[in-house]
Amino acid sequence: MPSLEDPYFSRSVVYICEHNENGTMGVVINKPLEQLTVEEVLSKLHIDPIPKVSRLHLECPVFDGGPLAEDRGFILHTPAAKILIQHSDC
């Protein structure tokens, strides 16, 4: 388990998602992965973005997130960025 003394966290901005008696879970939000965009991730996962969802910024970079759970991804967004997709949109 890494701690904040771990060199990985040097100059990192960590968004704390949860903190309780079991520990803390956070996501590093200032270390973009080199030349990896949302569009490329969706393509690798064989997910076609829905054209009607114009607020989906495919050109945005993907960020590292942290040294644990590298087999998972997290999406951070504001409530205003909440995307509602209805079955009829597909």
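No lab work stands behind these numbers, since they all come straight from the coordinates. Keep in mind that what you see is a predicted model, and the values were worked out from it rather than measured. We place every Cβ from the backbone using ideal geometry, glycine too, and count neighbours over all the protein chains shown.
Which GluC sites (Glu not before Pro) does the range 1-44 hold that lie in a coil by DSSP with at most 14 other beta carbons within 10 Å? All intermediate terms of the calculation are to be shown ahead of the outcome.
Working: sites: E5, E18, E21, E34, E39, E40; in loops: E5, E21.
Qualifying residues, ordered by number: E5, E21.
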(request) Give the long-range amide H neighbours of L33: residues separated by 5 or more places, or on another chain, with amide H under 5 Å away, using H modelled in the peptide plane at 1.01 Å from N. (result) V62, F63, D64
